[in-house]
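Undergrad: Dumping the structure here so I can ask a few things about it.
The values are calculated or read from the model by the stated rules, or taken from the named source; none is laboratory data. Predicted model, so just to flag it, every value in this text is computed and none were measured. Neighbour counts are summed over all protein chains in view; Cβ atoms, including those assigned to glycine, are modelled from backbone coordinates with ideal geometry.
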Amino acid sequence: MQILFVASEVGPWSKTGGLGDVAGALPRALAERGNEVVVVTPRHGSIDPRAAGLQPVRTALHVRGEPVALWVKRGPAPVYFVEHPHLFGSRRGLYGDGGRDHPDNAERFAFLTRAALALPGALGLRPRILHLNDWQCGLGPWLLRHEHARDPALAGARTVFTIHNLAYQGLFPKQVLPALGLPWEVFRYEAMEFFDQLSFMKAGLAFADALTTVSPTYAREILTPEGGASLDALLRHRARDLHGILNGIDVHAWDPARDPHLPAHFTPGELAGKAACKAALQREVGLPARPDVPLVGLVTRLAEQKGIDLVAAALPALLARDVQVVLLGSGDAAYEEAFARAARERPDRVAARIGFDEGLAHRIEAGADLFLMPSRFEPCGLNQMYSLRYGTVPVVRAVGGLADTVEDFDGFTRGTGFRFSEYTPQALLTATRRALDVFRDRRAWRGLVERGMAEDNSWERSAARYEALYRTLAP
Ligand code: ADP
């Protein structure tokens with residue numbers, strides 16, 4: 001089946017979070033199953049075409065009468081990079097700079113979506129499915145019906161819209177409508193209007209043929225007023241078309257036996273390399289290189305969603321124990337400062353690296369003993385699955401995808417991590433202390449590590465589920 005997959009970020013070329021991982025891995029997993037998948041994404045300013053090995057493509061691609069240049073990275077699922085010097089090429093941040101969104105994000109991602117819809121005609125493709133991701137692509141289903149109704153390249157094409165995070169909705173003042181080339185009739189309650197603003201997310205939810213989100217539990221949570229970010233009524237209305245399909249992880253990029261970011265390698269049967277990774281990580285971040293002390297890792301956006309306020313509140317009590325904490329994250333300036341300060345005050349116990357560092361993220365997954373993810377909500381979450389694969393025991397709040405992927409340790413021979421429910425520092429602390437106690441019991445800990453490493457969270461199963469959904473839409 002031919003599938004056109006559109007995403008605003010695609011790893012490894014551009015990534016700010018889970019969407020980049022998914023858009024990098026799912027198309028390849030679909031291609032391995034025999035599908036013809038083409039990926040479309042912007043050529044962001046951070047992507048150097050030459051360094052990335054992109055090739056220019058000769059085409060007659062146009063968006064609203066303007067010619068558009070294209071690059072391609074060939075492979076099993078070729079990735080087309082849409083060029084626009086002003087909207088994408090000259091920006092550093094993908095969505096904003098210095099904590100502020102780019103003011104023209106509505107124009108930027110409407111442009112991406114229109115370029116993606118024009119691509120099949122320009123390249124002679126006939127996709128049966130347009131798989132659109134997150135609010136950035138939310139206009140796609142409407143544009144398909146209204147601007148491509150007679151496009152032979154898209155005749156009969158059906159749309160799948162995936163919610164990676166309902167909290168980011170792409171809301172803009174209604175005054176942008178004319179500049180986007182959209183008629184005022186879309187600004188209705190049943191269409192794209194959301195509390196007197198234009199909502200790209202709502203546009204996707206209202207007009208796509210099928211909706212998916214990235215875990216079964218999150219698919220249920222977003223139907224409720226607590227989890228629905230004010231879109232729960234619309235989602236309940238579309239509940240029959242909404243599917244929760246758990247994300248997989250890229251088991252090639254995240255493989256402790258081969259990972260090029262690691263100083264040593266390991267497998268479930270041979271864990272000496274993990275101890276070497278721990279020692280190297282302690283040296284790298286300036287913590288005392290002690291094998292016996294439990295090392296707690298965090299790799300996260302420093303945002304409310306991630307429960308970082310709980311971590312900050314629980315930290316002093318946690319540090320009363322003999323533990324080490326290493327955090328890699330960026331985001332909210334107040335939290336960046338709080339963790340930098342904690343590291344200055346307790347250099348023997350806390351290391352904080354503020355920034356985005358792919359290599360260090362891998363080395364923390366490999367070198368830590370425990371991994372904290374106390375999220376307020378979590379559509380799927382990838383780091384807990386990386387942790388399991390790297391023999392690092394996750395401590396998670398049992399919400400969304402965290403509830404679907406981490407089983408609580410029963411004290412004997414079942415479970416892969418430690419879960420808690422209440423959103424309080426105390427509950428996080430209790431679960432973490434429980435983990436630290438088990439850490440002292442070498443046999444029990446080894447069992448946890450081995451069961452986690454044996455989990456199969458590869459993309460294969462999830463790709464099969466997407467494919468089954470595509471077939472129900474375009475038999
Ligand atoms: P989200 O998409 O909500 O941020 P996910 O757990 O789905 O959360 O995905 C986060 C991805 O981004 C993971 O691959 C994680 O390793 C990565 N990541 C997050 N913060 C950083 C950082 N500061 N440096 C490197 N990688 C990071």
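Undergrad: Taking the range 3-32 on its own, how many of its residues are more than 10 Å from the ligand (Cβ to nearest atom), of a type in the set (Val, Ile, Thr) and more than 16 Å from Gly75 (Cβ to Cβ)?
TA: Summing the residues that are more than 10 Å from the ligand (Cβ to nearest atom), of a type in the set (Val, Ile, Thr) and more than 16 Å from Gly75 (Cβ to Cβ) in the range 3-32 gives 1.
Undergrad: Now a separate question. Scanning the range 62-102 for residues that are in contact with a Gly (Cβ under 8 Å, 6 or more places away or on another chain) and of a type outside the set (Lys, Arg), which turns out farthest from Thr113 (Cα to Cα)?
TA: Among residues in the range 62-102 that are in contact with a Gly (Cβ under 8 Å, 6 or more places away or on another chain) and of a type outside the set (Lys, Arg), the one farthest from Thr113 (Cα to Cα) is Ser90.
Undergrad: Continuing with the same structure: Filter the range 204-237 down to residues that are away from the ligand (no atom under 16 Å from the Cβ) and of a type in the set (Asp, Glu) and give me whichever is nearest to Ala474 (Cα to Cα).
TA: Within the range 204-237, the match that is nearest to Ala474 (Cα to Cα) is Asp209.
Undergrad: Restricting to the range 353-375, name every residue that is within 11 Å of the ligand (Cβ to nearest atom) and touching a Phe, Trp or Tyr at 6+ places or on another chain (Cβ under 6 Å).
TA: Glu365, the sole residue that qualifies.
Undergrad: Within the range 24-62, how many residues are surrounded by fewer than 19 Cβ atoms within 10 Å (Cβ to Cβ) and of a type in the set (Val, Ile, Thr)?
TA: Residues in the range 24-62 being surrounded by fewer than 19 Cβ atoms within 10 Å (Cβ to Cβ) and of a type in the set (Val, Ile, Thr): 2 in total.
Undergrad: Of everything in the range 49-80, what is within 19 Å of Ala23 (Cα to Cα), outside any loop (DSSP other than H, G, I, E, B) and of a type outside the set (A, V, I, L, M)? Give them in sequence order.
TA: Within the range 49-80, Trp71, Lys73, Tyr80 meet the criteria.
Yes/no matrix, rows are residues, columns are (1) in a loop (DSSP other than H, G, I, E, B); (2) of a type in the set (Asp, Glu):
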| position | (1), (2) |
| --- | --- |
| Gln305 | no, no |
| Ala313 | no, no |
| Pro316 | no, no |
| Asp322 | yes, yes |
| Glu336 | no, yes |
| Arg341 | no, no |
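To keep it simple, each residue is scored yes or no on (1) under 30 Å from Gly329 (Cβ atoms); (2) among the charged types (D, E, K, R); (3) touching a residue at least 40 places away in the same chain (Cβ under 8 Å).
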position: Pro12; (1), (2), (3): yes, no, yes
position: Ala25; (1), (2), (3): yes, no, yes
position: Glu32; (1), (2), (3): no, yes, yes
position: Gln55; (1), (2), (3): no, no, no
position: Ala69; (1), (2), (3): no, no, no
position: Val79; (1), (2), (3): yes, no, yes
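Undergrad: A further question follows. Does the range 104-111 contain any residue that is more than 27 Å from Arg158 (Cα to Cα) and either acidic (Asp, Glu) or assigned by TED's automatic domain parsing to the domain that holds Gly138 (or both)?
TA: Within the range 104-111, one or more residues are more than 27 Å from Arg158 (Cα to Cα) and either acidic (Asp, Glu) or assigned by TED's automatic domain parsing to the domain that holds Gly138 (or both).
Undergrad: Follow-up question, since we're still on this one. Residue pairs, Cβ under 7 Å, 6 or more apart or interchain, first in the range 210-237 and touching a residue at least 12 places away in the same chain (Cβ under 8 Å) and of a type in the set (S, T, N, Q), second within 16 Å of the ligand (Cβ to nearest atom) and part of a helix (DSSP H, G or I). List them.
TA: If the second residue must be within 16 Å of the ligand (Cβ to nearest atom) and part of a helix (DSSP H, G or I), the pairs left are Thr213/Ala219; Ser215/Gly400; Ser215/Gly401; Ser215/Asp404; Thr217/Gly400; Thr217/Gly401; Thr217/Ala403; Thr217/Asp404.
Undergrad: For the range 252-287, name all the residues that are exposed (fewer than 15 other Cβ atoms within 10 Å of the Cβ) and either of a type in the set (Asp, Glu) or part of a helix (DSSP H, G or I) (or both).
TA: Glu270, Ala272, Ala275, Arg283
Undergrad: Among the numbered conditions (1) more than 13 Å from the ligand (Cβ to nearest atom); (2) among the basic types (Lys, Arg); (3) closer than 22 Å to Ala167 by Cα, tell me where Arg321 comes up short.
TA: (3)
Undergrad: Would you point out which residue out of Arg363, Arg321, Arg353, Arg346 is crowded, with 22+ Cβ neighbours inside 10 Å, closer than 24 Å to Ala279 by Cα, outside the structural domain of Gly227 (by TED's automatic domain parsing) and of a type outside the set (Gly, Ala, Ser)?
TA: Unique residue meeting the criteria: Arg363.
Undergrad: Which condition from (1) at pLDDT below 95; (2) touching a Ser or Thr at 6+ places or on another chain (Cβ under 8 Å) is the one that Ser8 breaks?
TA: Just one mismatch for Ser8, condition (1).
Undergrad: In the range 133-175, what residues are of a type in the set (Val, Ile, Thr) and within 20 Å of the chain's Cα centre (by Cα)?
TA: Val160, Thr162, Ile163
Undergrad: In the range 376-453, which helices (runs of 4 or more DSSP H) lie fully inside it and hold 2 or more residues that are within 16 Å of the ligand (Cβ to nearest atom)?
TA: Answer list for the range 376-453: 383-389, 400-405.
Undergrad: Which one of these does Phe356 not meet: (1) at pLDDT below 95; (2) part of a helix (DSSP H, G or I)?
TA: (2)
Undergrad: Report yes if some residue within the range 5-16 is over 17 Å from the mean Cα position of the chain (by Cα) and surrounded by fewer than 24 Cβ atoms within 10 Å (Cβ to Cβ); otherwise report no.
TA: No, the range 5-16 has no match at all.
Undergrad: From Gly98, Gly93, Gly138, Gly89, grab the single residue that is small (Gly, Ala, Ser), out of contact with any Phe, Trp or Tyr (no Cβ under 8 Å at 6 or more places or on another chain), within 21 Å of Ser14 (Cα to Cα) and in contact (Cβ under 8 Å) with a residue 40 or more places away in the chain.
TA: Being small (Gly, Ala, Ser), out of contact with any Phe, Trp or Tyr (no Cβ under 8 Å at 6 or more places or on another chain), within 21 Å of Ser14 (Cα to Cα) and in contact (Cβ under 8 Å) with a residue 40 or more places away in the chain holds for just one of Gly98, Gly93, Gly138, Gly89, which is Gly89.
Undergrad: What about Pro379, is it within 26 Å of Asn133 (Cβ to Cβ) and touching a Gly at 6+ places or on another chain (Cβ under 9 Å)?
TA: Against the criterion (within 26 Å of Asn133 (Cβ to Cβ) and touching a Gly at 6+ places or on another chain (Cβ under 9 Å)), Pro379 qualifies.
Undergrad: When you look at Leu246, is it within 23 Å of the chain's Cα centre (by Cα), hydrophobic (A, V, I, L, M, F, W, C), more than 15 Å from the ligand (Cβ to nearest atom) and under 30 Å from Trp135 (Cβ atoms), yes or no?
TA: Criteria not met by Leu246.
Undergrad: Let me ask you something else. Starting from residues that are out of contact with any Phe, Trp or Tyr (no Cβ under 7 Å at 6 or more places or on another chain) and under 30 Å from Arg376 (Cβ atoms), keep the ones in the range 285-297 and report whichever is nearest to the ligand (Cβ to nearest atom).
TA: The selected residue is Val285.
Undergrad: What about Ala314, is it out of contact with any Cys (no Cβ under 8 Å at 6 or more places or on another chain) and either within 14 Å of the ligand (Cβ to nearest atom) or closer than 22 Å to Asp101 by Cα (or both)?
TA: No: the conditions fail for Ala314.
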